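Asker: Structure below; questions to follow.
The values are calculated or read from the model by the stated rules, or taken from the named source; none is laboratory data. Being a predicted model, the structure only gives us computed values, none of them experimental. Here the Cβ is made from the backbone with ideal geometry for all residues, glycine too, and neighbour counts use every protein chain on show. What goes into the accessible areas is simple: the full protein's heavy atoms, side chains included, and nothing from ligands, DNA or RNA. Shrake-Rupley method; radii C 1.70, N 1.55, O 1.52, S 1.80 Å.
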Amino acid sequence: MKIRKVKHTIAALTLGALAAYQPVAAKADDTAEEIRLLKTRLKQLEEKVAKQDRERKASEAQIRKAAAQQPGEPYNTTPLLVQTPVYSLPKIPGSTDQRPASPLAISIGGPGAPPSYETGGLAGLEAKLKGYPYIGPSSLFVNGVSITPGGFFELATVTRNRFVGADVATPWQNIPFANVPSTHTGEFRLSARRSRAALLARGDVTPATHLAGYGEFDWLSAAQTANSNQSDSYNLRIRHLYMTVDNDDFGAHLLAGHAFTLATMNIIGILPRKENTPIVIEDQYVPGFVWDRQDQIRVVKDFDQTLWFALSAENPATTFGGVVPTVPTVINVLPGVISPPPGQGTIVGGSLFNSINPLSLNQMPDIIGKVAWDPAIADRTIHMEAFGIFRNFVDRVVLPASGIGGFINHNNNSTGGGVGGSILVPIIPKVLEAQFSGLTGRGIGRYGAAQLPDVSFNADGSLAPIQETMLLAGLIWHAMPGLDFYSYAGEEYENPKFGFTPLGTANFVGWGNPAFNNSGCQIELSTVCAGNVKLVRQITGGFWDDIYKGPWGRLTGGLQYSFTQKYAFAGIGGAPKLDEHMFFTSLRYYPF
């Protein structure tokens, strides 16, 4: 019995041990299976990541290959589109140009968001200023280069009480006196030609070094076939076309291309696309405003983006006025010509110039230097500038037979230039702004909006730079968000420059000669009117109002009235003058 009991006990213990061991073994088997499955899944993920990496490298190689191909070679790469963050730009003090962020900005050429351009360095400063295309929600990124569209669509009207025969830009120096029959009739025009297309391309070589190219175009150009009869044929025109290189660490900047002259007033610093142009509808701006747009190379150095120094070499041209001596002959203009076409002589252009439009003789660029300062005083920043211009004028003086009358054929060189400055003051920050600018010197006429002549002529045929002074004052009131009122008053005044010669038939030469005959200037159809312009002045005012501003851009309308007076130098028969009243309207859509 005892042996049987021992056997039963051993059997029971054995069965108990087996029962206890079975769940442990089953659990171990489950764990091993899970580990095996996890290893399999990990291997699959590794293979997938490796495949994606190979595809990414292949795509980048295709893009590099396409970038290296010459124009016209096949291009089969499909760029990768990636959604990027949206930037909300800060509101500009006193500006109505803040726009809500676009719901989507697209980056092309690879994954990753572009850097924010709102903080730090020159790019950050540009992003806070009112004006032209900026890097933001409308930008397209291609291989890290931002492409930002800009511009607007416009329909404008201009109404003048005296016929000038001009579009939305008025040639004030050419407003005819009363002897011209058309000046006794009015003028009305509709124009969409100032609608503007712009593009800013920008790439950051390093966080502190920026490359950019900017182009801006409108249709205020007229080929020889252009007219308003049926299919206008107005052609595209360059307003701006230039590149820039900026380094924030050194405060160094380079501009090369076609842009506003360095002499034009800025809003802040010496930054391109931040010129302080009058906000009028009139495309010639206001008499007294200093401006030109021309090819140039410019270097700028800033100190803490507060003090700025700049120097530029700019494309030259010479404008002429007055009577040329018949003998000796001045080959820049024809003998006896009175007031040649503004901006030109009578030497016709050659290759790549329109042969109908004459050119002037020029041998060196205009040299312009400028210093700007933006001090912070109390709760406002004041912008101040001072600048100088140096110019050279050249001509060839000849006689029918060399040596007659003691004259010898020769090249004639003369110099001109001027000094000027400007100030922009926020009288009430974000509400009321005032500005004043001026320029005075010799031979500076083409730098003024009224386009009075640079030079006239001495009795010996040499060029005589004309003394001129330009003044402009302006006031802008930001009455409420989206509504701005403005007013400007400006003038351009020239001193006479004349002489007398015993040679030839043109005994009285120059500009503003009191011996010139003005007796027919007030008689319709009379041809006896020298009418050399002494003064052009204007007072103008208007407003801009945002009709709509939201995610789909901005629709704005404007109205402007201007009163202009043109005075001639006194001569035989008096000093004629003329008044011109003009009304402008504009409806613009800014989609970007």
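Asker: Show me 228-234, 158-164 ranked by packing, highest mean number of other Cβ atoms within 10 Å first. Walk me through the numbers before you get to the answer.
Answerer: On the way: 228-234: 11.7, 158-164: 18.7.
Ranking the peptides 228-234, 158-164 by packing returns 158-164, 228-234.
Asker: Then there's this: Within straight cross-link reach of Lys39, meaning Cα distance under 17 Å, which aspartates and glutamates are found once same-chain residues fewer than 8 apart are removed?
Answerer: In chain and number order, the partners are Asp29, Asp30, Glu47.
Asker: Which whole-number value in Å³ per residue fits the convex hull of the alpha carbons of the range 405-526? Working shown, then result.
Answerer: Working: hull volume 20.0 nm³, N = 122.
Convex hull volume per residue, Cα atoms: 164 Å³.
Asker: What does the net charge come to around Phe563 if you take all other residues with beta carbon closer than 14 Å to its beta carbon, with K and R at +1 and D and E at -1?
Answerer: Values: positive: Arg160, Arg162, Arg537, Lys566, Lys577; negative: Glu282, Glu491, Asp579, Glu580.
Around Phe563, the charge tally is +1.
Asker: Compute the accessible area per residue over the range 147-187, keeping the other protein chains in place, probe 1.4 Å, unit Å².
Answerer: Values: 1400 Å² over 41 residues.
So the range 147-187 comes to 34 Å² accessible per residue, rounded to a whole number.
Asker: How would Thr157, Thr225, Thr585 rank on accessible area, largest to smallest, probe 1.4 Å?
Answerer: Numbers: Thr157 25, Thr225 100, Thr585 50 Å².
Of Thr157, Thr225, Thr585, the descending order of accessible area is Thr225, Thr585, Thr157.
Asker: Under a Cβ-Cβ cut-off of 13 Å, what is the net charge of the residues other than Ala197 that fall near it, where Lys and Arg count +1 and Asp and Glu count -1? Show your work: numbers first, answer last.
Answerer: Values: positive: Arg193, Arg194, Arg196, Arg237, Arg239; negative: Glu154, Glu216, Asp218.
It works out to a net charge of +2.
Asker: Once fully extended, how much extra length lies between Gln224 and Leu352, figured as 0.36 nm per residue of separation less the alpha-carbon to alpha-carbon distance? List each step's numbers first, then the result.
Answerer: Working: separation 128, 0.36 × 128 = 46.08 nm, distance 1.51 nm.
Result: 44.6 nm gained on full extension.
Asker: I'd like the accessible area for Leu37, computed on protein heavy atoms only with a 1.4 Å probe and all protein chains in place. Round to 10 Å², please.
Answerer: 90
Asker: Right, another one. With every atom except the alpha carbons ignored, what do you get for Rg and Dmax of the range 507-592, in angstroms?
Answerer: 21.2, 68
Asker: For the range 137-197, what log10 I(q)/I(0) values come out of the Debye formula at q = 0.12, 0.13, 0.17, 0.23 1/Å, with one point per alpha carbon and no solvent?
Answerer: -0.49, -0.52, -0.67, -0.93
Asker: Keeping all protein chains in position, work out how much accessible area Leu307 exposes to a 1.4 Å probe, and write it in Å² to the nearest 10.
Answerer: 60
Asker: Sum up the charges of everything whose Cβ sits under 14 Å from the Cβ of Arg237, counting Lys and Arg as +1 and Asp and Glu as -1, but leave Arg237 out.
Answerer: That sum, taken over residues with Cβ under 14 Å, equals 0.
Asker: Under a 1.4 angstrom probe, counting protein chains only, how are Trp552, Trp544 ranked by accessible area, largest first? Walk me through the numbers on the way to the answer.
Answerer: Working: Trp552 185, Trp544 35 Å².
These residues rank, largest area first, as Trp552, Trp544.
Asker: With respect to the cross-link table entries Lys497/Lys577; Lys274/Lys534; Lys301/Lys430; Lys497/Lys566; Lys274/Lys566; Lys370/Lys497, which display a Cα-Cα separation exceeding 23 Å?
Answerer: Details: Lys497/Lys577 20 Å; Lys274/Lys534 32 Å; Lys301/Lys430 28 Å; Lys497/Lys566 19 Å; Lys274/Lys566 31 Å; Lys370/Lys497 29 Å.
Pairs exceeding 23 Å: Lys274/Lys534; Lys301/Lys430; Lys274/Lys566; Lys370/Lys497.
Asker: Arrange the peptides 268-279, 211-222 so that the one whose residues have, on average, the most other Cβ atoms within 10 Å appears first. Provide the component values of the computation, followed by the final result.
Answerer: On the way: 268-279: 20.3, 211-222: 18.7.
Top to bottom by mean Cβ count within 10 Å: 268-279, 211-222.
Asker: Of the chymotrypsin sites (Phe, Trp or Tyr not before Pro) in the range 237-314, which ones lie in a loop per DSSP and count no more than 14 other C-beta atoms within 10 Å?
Answerer: Details: sites: Tyr242, Phe250, Phe260, Tyr285, Phe289, Trp291, Phe303, Trp308, Phe309; in loops: Phe250, Tyr285, Phe289, Trp291.
In loop regions of the range 237-314 (DSSP not H, G, I, E or B), the sparsely surrounded chymotrypsin sites (Phe, Trp or Tyr not before Pro) are Phe250.
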